[in-house]
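Here the structure comes first, spelled out in structure tokens, and everything after it is commentary.
The values are calculated or read from the model by the stated rules, or taken from the named source; none is laboratory data. Not measured: the values here are computed from a predicted model. Virtual Cβ from ideal backbone geometry, glycine too; neighbours counted across all protein chains shown.
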Amino acid sequence: MFRYKTAKLRDRVTRIKDGIVNEFLIEGDSKALLFDTGLDLFNIREFVASLTDKELIVVNSHFHPDHANGNHHFEKVYIGERDLPTFTTDDVYFKLVDDIVAAVFEKYPKTKKLQKWIDRLLMTKPGNTQYVPLKDGDTFDLGGKTLVVKDFPGHTPGSITLLDPAERFIYAGDASDIDIWMFTNPGCSLHTYADEGRRYYREVAALGYTKYRGAHMPLTHSISFMRDYAEWIDRLTPQKAFLKLSVPGAKSKLCFAAAPSRKHILFTSIYWAHQCDR
Ligand SMILES: [Zn+2]
Ligand SMILES: [Zn+2]
């Protein structure tokens, strides 16, 4: 049976393995920060209480269910200002799921049986959580350790990363990971993401950062991935996809692309054909 497992990522940083995603518990002298709350298959709040008794700050890298479904266990969650949830179709992610699910149900009525699982796994519960918006440059002082918020939009409009300046280490959420799911933000072109990736890389490289960890990455990686991935995704076209799917309710075809990389092993992405438009 699945249970949370932990691994030490760095000094005073615990990686909480949550199936397909990782949450990170970063401890200072007086406070601890939980970066993402995961899938909510178990009670993340109780689990974290078994790891630390320090005052806990909870932050989401972005508002996707595999990172935010456990939010309802907490009174307060910090999140990038452009991912601040309304739990309505004003939210990019909710609108995408709503449009596609409605169209799929209409075309294949038997799939309505899946509603319970869609609600459970794909739609984060509002709960009584207070959401506090974060701006680029905001800091968290954990006592002897300070973390800095840095925006890296694209995967979602409000994706943020956390910089640890003392360690020159970055926690990137899904903003830059092994496989960047661009289809979750259909209004963002791949070229805009590439520009953000190049900008982000330039800025953190100039500050001396060399390593980062994405939420789904099996290993810590060099920030050069961000720069090289930006070049790759900037050149993607619908024709370069190895698989294209028609999805009910979607504006264009869903494309799956992958390419080997000598330095980074593999680049992959899932995107809508229209996101290749300039
Ligand atoms: Zn995500
Ligand atoms: Zn994710």
Practice task
Of the numbered conditions (1) within 21 Å of Asn60 (Cα to Cα); (2) surrounded by 15 or more Cβ atoms within 10 Å (Cβ to Cβ); (3) under 16 Å from the mean Cα position of the chain (by Cα); (4) of a type outside the set (Ser, Thr, Tyr), Val204 fails exactly one; give the number of that condition.
Solution key: (3)
Handout entry: Search result, residues across segment 1-24 that are assigned to a strand (DSSP E or B), surrounded by fewer than 21 Cβ atoms within 10 Å (Cβ to Cβ) and not β-branched (Val, Ile, Thr)
Key = Lys5, Ala7, Lys8, Leu9, Arg10, Arg15, Lys17
Completion exercise
Heads up, the strands (runs of 3 or more DSSP E) in segment 228-278 (entirely inside) with at least 1 residues that are in contact (Cβ under 8 Å) with a residue 60 or more places away in the chain are 254-261, 265-272
Problem - Which listed residue is in contact (Cβ under 8 Å) with a residue 24 or more places away in the chain and either crowded, with 20+ Cβ neighbours inside 10 Å or touching a helix residue (DSSP H, G or I) at 6+ places or on another chain (Cβ under 9 Å) (or both), from Glu75, Glu81, Glu27 - result: Glu27
Practice task
Could you check, for segment 245-255, whether at least one of its residues is within 16 Å of ligand 1 (Cβ to nearest atom), out of contact with any helix residue (DSSP H, G or I) (no Cβ under 9 Å at 6 or more places or on another chain) and closer than 25 Å to Val97 by Cα?
Solution key: no
Practice task
Mind listing just one residue for me: the one in segment 42-79 that is aromatic (Phe, Trp, Tyr) and at pLDDT 95 or above and, of those, nearest to ligand 2 (Cβ to nearest atom)?
Solution key: Phe63
Problem - Condition check for Thr124: within 16 Å of ligand 1 (Cβ to nearest atom), assigned to a loop (DSSP other than H, G, I, E, B), β-branched (Val, Ile, Thr) and in contact with a helix residue (DSSP H, G or I) (Cβ under 6 Å, 6 or more places away or on another chain) - result: yes
Exercise for the section: Check segment 85-96 and report whether any residue there is over 24 Å from Phe183 (Cα atoms), surrounded by 15 or more Cβ atoms within 10 Å (Cβ to Cβ) and in contact with a strand residue (DSSP E or B) (Cβ under 9 Å, 6 or more places away or on another chain). Expected result: no
Handout entry: Residue under evaluation Gly137, criteria (1) surrounded by fewer than 20 Cβ atoms within 10 Å (Cβ to Cβ); (2) at pLDDT 95 or above; (3) in contact with a helix residue (DSSP H, G or I) (Cβ under 8 Å, 6 or more places away or on another chain); (4) assigned to a loop (DSSP other than H, G, I, E, B), criterion not met
Key = (3)
Problem - Selection status of Glu167, in a loop (DSSP other than H, G, I, E, B) and of a type outside the set (Gly, Ala, Ser) - result: yes
